[in-house]
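Worksheet for the structure shown next.
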Amino acid sequence: MESLEPHQTQSDQAVPAFLRTRGLGMDFGNGPVLHGVDLDLNRGEIVGLVGPNGTGKTTLLCLLMGMLRPTVGRVWVAGRPVAALSRRRLARNMALVPQDLEIGFAFRVREVVAMGRYPYLGRFRVPGHEDLAAIDEAMSLTDVQALADRTIDTLSGGERQRVLIARAIAQQTPVVLLDEVTANLDLSHQLEVMELAVQMAAAGQLVLAAIHDLTMASRYCNRLLLLAEGRLRADGPVRRVLTADHLQRFFRVEARIDDAPAGAGLIITPRLSSAKPWPTPTSQNVGI
Amino acid sequence: MVLTEAPRPLFFVGSGLLVLTMLAGVLVGPAAISGEDLFRALIQPYWSLATDESAIGGQSDWQTVVIWQVRLPRVLTGAMVGAALAVSGAVLQGLFRNPLASPSVLGVASGASLGAVLAIFFGLAASQIWALPLFAFIGALLTLFVVYGIATHGGHTPVATLLLAGIAAGAFNVAMSSFVLAVALENWEVGKSIVYWTMGGLEGRTWDHVLLIGPVLGLGLALVMAYPRDLDALLLGEIQAASVGVDVVRTRLVLLLVTAMLTAAAVAVAGGIGFIGLVVPHIVRLLSGPHHRWLLPLSALTGALVLVAADLALRLLFAANEIPLGVVTAAMGAPFFLFLLLRQRGLMSL
């Protein structure tokens with residue numbers, strides 16, 4: 001696996017974090033979507049990115065990947081500014097697994113996984129032994145070998161998601177970004193995906209997962225980022241981020257937070273805090 | 001490539017059919033030419049042909065002259081126009097993940113047409129053989145830059161905006177061409193040549209046309225064949241392609257320029273020939289799968305085959321009338337495309 005040599009930049013830390021942002025802000029022209037985000041993420045962490053809908057989680061992932069140019073602020077990966085790296089160099093450092101992807105073309109599963117080797121292949125080079133080994137390993141880790149010769153448009157949502165995760169694993173990057181990857185999976189596959197994230201982190205990868213399921217996040221992440229209204233509201237261990245106060249202020253729910261049995265994270269029981277009584281229809285507004 | 005087997009049978013069958021159709025294209029015509037004449041003509045180098053006045057009674061018989069001066073350039077031009085249009089369509093459909101993309105949808109083909117129509121109108125095409133292709137190039141490139149420029153904002157080019165801008169620019173180009181034509185009709189000869197040129201055809205194509213489109217096609221094919229993996233990745237979406245390392249902006253710009261160049265060359269030598277760029281890549285994709293590594297060369301092969309066959313059919317069936325080739329390709333292509341649409345909706349599988 002090739003990654004960039006970290007080198008010292010002007011920083012408030014002795015060793016800059018592997019993935020770092022300062023003053024990151026994004027404005028698409030209708031007011032800021034993200035504002036003043038400072039992040040220091042290191043290899044070996046599983047970081048959950050939580051927050052209500054439309055608070056800029058996907059925008060943040062796109063900025064980290066260098067797919068959007070921030071209005072203000074900067075992103076560094078492995079000590080290098082993301083804006084200065086070619087797409088190919090970036091792809092050797094960061095892989096993205098998307099939310100859900102309809103693929104209407106009849107590529108075989110193995111070929112989709114093989115696309116993860118793109119950043120390592122010259123324009124006219126065919127995949128070598130190393131590439132094929134990486135593809136096989138990724139398929140076995142995600143349990144999609146049995147599907148290898150199926151075409152991607154015939155798979156179920158869960159199977160397709162695992163293929164896309166395999167593709168990101170084949171990319172062999174120090175950073176893996178997961179954008180709501182468990183959203184379309186059944187329980188056992190959700191757990192499998194999160195266990196994979198644990199393995200990736202154990203192997204020294206930085207996993208940053210945007211995730212809606214707070215229970216799942218509390219169980220598998222060792223650090224959470226809470227993003228709300230375009231700002232980073234909390235950053236730290238699960239119990240410091242998932243507090244009744246934060247859930248009230250940023251998710252607009254009253255929540256009871258309990259320890260799950262066997263140390264499996266937290267159980268969050270939410271209730272709408274702004275719950276209003278249903279309007280009773282009067283004779284005037286019935287049948288308008 | 002270990003991962004994807006080359007569809008060798010398709011290449012063999014396609015090449016075989018193309019060679020046979022091209023031979024038939026050389027043999028069939030108002031002047032009867034036998035296989036023996038063809039063999040004799042082909043072993044005689046082109047440069048040893050006597051030209052013009054000395055041809056009569058010189059060392060070349062009339063069959064050899066017809067084959068070298070009339071039939072071969074016509075068939076070769078047709079093959080290369082078909083290949084250029086089909087490859088352009090295949091690239092654009094992959095680039096925009098849109099099965100409806102084709103050189104005409106982005107307005108590039110009508111831009112080339114407008115340039116060519118202007119060249120005819122101002123009488124430049126009649127005096128200068130390079131004027132028409134040059135104007136077609138300029139028209140295609142201008143349209144492409146306007147469409148691409150309007151649709152691009154902050155380094156992003158949303159596909160929907162691009163297609164809409166292309167349709168609008170295409171409508172403008174067609175309107176301007178019609179305007180020029182309406183004005184030109186005062187002079188019947190100019191008007192008639194514009195009308196015939198617009199409808200497309202391979203009548204009277206010469207080695208100048210072959211020499212014009214040949215290098216453009218060669219260069220274009222070489223360039224697009226450097227991008228099959230990028231196009232494959234783009235089929236999974238812009239963000240997915242970028243996340244595996246595809247430089248989406250640059251890839252798109254390079255490939256758009258190449259398709260504009262190919263389309264302009266095709267339009268310049270053969271006029272408006274529709275549906276090849278739209279339909280051929282679909283047929284090939286059904287047979288070969290979505291891999292651009294095979295889809296692009298097979299589209300070139302099939303595009304060449306279809307256009308030469310259409311021209312041949314035209315000469316066999318309507319020898320007496322001057323039916324333009326563009327009419328035949330549209331008449332064959334449109335129903336086929338509708339059939340594909342029905343099939344996709346599952347209606348035909350009942």
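If you take the square roots of the eigenvalues of the alpha-carbon gyration tensor of region A:67-163 and sort them as a ≥ b ≥ c, do you get rounded (a/c under 1.5), prolate (a/b over b/c) or oblate? Because a/c hits 1.5 or more and a/b exceeds b/c, region A:67-163 counts as prolate.
Please report the equivalent ellipsoid semi-axes of region B:57-166, computed as sqrt(5 x eigenvalue) of the Cα gyration tensor, largest first, in whole Å. Walk me through the numbers before you get to the answer.
Values: eigenvalues 269, 71, 13 Å².
Over the Cα atoms of region B:57-166, the ellipsoid semi-axes are 37, 19, 8 Å.
Relative contact order (percent) for region A:101-172, with alpha-carbon contacts under 8 angstrom and 6 or more residues of separation? Spell out each step's value before the answer.
Details: 82 pairs, mean separation 37.0, N = 72.
Reported as a whole number, the value is 51 percent.
Normalised Debye scattering of the protein assembly as shown at q = 0.07, 0.08, 0.09 Å⁻¹ gives log10 I(q)/I(0) of -0.57, -0.71, -0.84, counting only Cα atoms as equal scatterers and leaving out solvent.
Computed extension gain for residue B:316 through residue B:19, at 0.36 nm per residue and net of the alpha carbon distance, reaches 105.1 nm.
Counting only C-alpha contacts under 8 Å and six or more residues apart, can you give the relative contact order of chain A as a whole percent? If you can, show how the numbers build up before the last one.
Working: 529 pairs, mean separation 64.1, N = 288.
Relative contact order of chain A: 22 percent.
Return one quarter of the surface area of the convex hull spanned by the alpha-carbon atoms of chain B, equal to its mean projected area, in nm². Please report the intermediate quantities before stating the final value.
Values: hull surface 80.8 nm².
The orientation-averaged projected area of the Cα hull of chain B comes to 20.2 nm².
The shape of region A:171-281 comes out prolate: with a ≥ b ≥ c from the C-alpha gyration tensor, a/c is at least 1.5 and a/b beats b/c.
Other residues lying with their Cβ under 9 Å from the Cβ of residue A:267 contribute a combined charge of -1, Lys and Arg counting +1, Asp and Glu -1.
Cβ-to-Cβ counts within 10 Å put A:137, A:45 in ascending order as A:137, A:45, the fewest first. The equivalent ellipsoid of region B:135-247 has semi-axes of 35, 22, 10 Å, largest first, where each one is the square root of 5 times an eigenvalue of the Cα gyration tensor. Ranking A:148, B:12, B:245 by how far each Cα lies toward the positive end of the dipole of the protein assembly as shown (charges on Cβ) leaves B:245 at the top.
Once you charge only the Cβ atoms, +1 for Lys and Arg and -1 for Asp and Glu, what is the size of the charge dipole of the protein assembly as shown about its Cα centre, to the nearest 20 debye? Please list the in-between numbers first.
Values: 46 positive and 46 negative charges, 201 e Å.
The dipole of the protein assembly as shown has a size of about 960 debye.
The label-point distance for residue A:133 and residue B:172, in a model that sets each label 7 Å from Cα toward Cβ, rounds to 5.7 nm.
Set the Förster distance to 30 Å, then compute FRET efficiency between residue B:253 and residue B:130 from the Cβ-Cβ distance, nearest 0.05. Let's see the in-between values first.
Working: r = 27 Å, r/R0 = 0.89.
With R0 = 30 Å, the Cβ-Cβ based efficiency is 0.65.
In this simple spin-label model, placing a label point 7 Å from the Cα along the Cα-to-Cβ direction at both residue A:203 and residue B:186 gives a separation of 7.6 nm. The simple spin-label model puts a point 7 Å past each Cα toward its Cβ; for residue A:126 and residue A:184 those points are separated by 3.2 nm.
With the charge dipole of the protein assembly as shown set up from +1 on Lys and Arg Cβ and -1 on Asp and Glu Cβ about the Cα centre, the Cα lying farthest toward the positive end among the listed residues B:123, B:326, A:106 is that of A:106. Close amide H pairs (under 5 Å, H built 1.01 Å from N) link residue A:266 with A:218, A:219, A:260, residues at least 5 positions away or on another chain. Karplus-derived 3J(HN,Hα) values for region A:15-30, using 6.51 cos²θ - 1.76 cosθ + 1.60 with θ = phi - 60°, are 10, x, 5, 5, 10, 9, 10, 9, x, 5, x, 9, 9, 7, x, 10 Hz; glycine and proline are entered as x.
Do any chymotrypsin sites (Phe, Trp or Tyr not before Pro) in region A:79-174 lie in a DSSP loop with no more than 10 other beta carbon atoms within 10 Å, and if so, which?
On the way: sites: A:105, A:107, A:120, A:124; in loops: A:105, A:107, A:124.
Listed in order of number, the matching sites are A:124.
Taking θ as phi - 60°, what are the ³J(HN,Hα) couplings along region B:251-261 by the Karplus curve (6.51, -1.76, 1.60), each to the nearest whole Hz, with x for Gly and Pro? Result, rounded to whole Hz: 4, 5, 5, 4, 5, 5, 4, 5, 5, 4, 5.
Before anything else, pin down the relative contact order of region B:37-341: Cα pairs under 8 Å, at least 6 apart, normalised by residue count, whole percent. It comes to 30 percent, rounded to a whole number.
Calculated mean residue ellipticity at 222 nm for the protein assembly as shown: -16500 deg cm²/dmol, from DSSP H runs with n ≥ 4 weighted as -39500 (n - 2.57), summed, divided by the residue count and rounded to 500.
From largest to smallest, the equivalent ellipsoid semi-axes obtained for chain A from the alpha-carbon gyration tensor read 34, 25, 20 Å.
Coordinate-derived values only; no laboratory data. Quick caveat: nothing in here was measured; it's all calculated off a predicted structure. Neighbour counts are summed over all protein chains in view; Cβ atoms, including those assigned to glycine, are modelled from backbone coordinates with ideal geometry.
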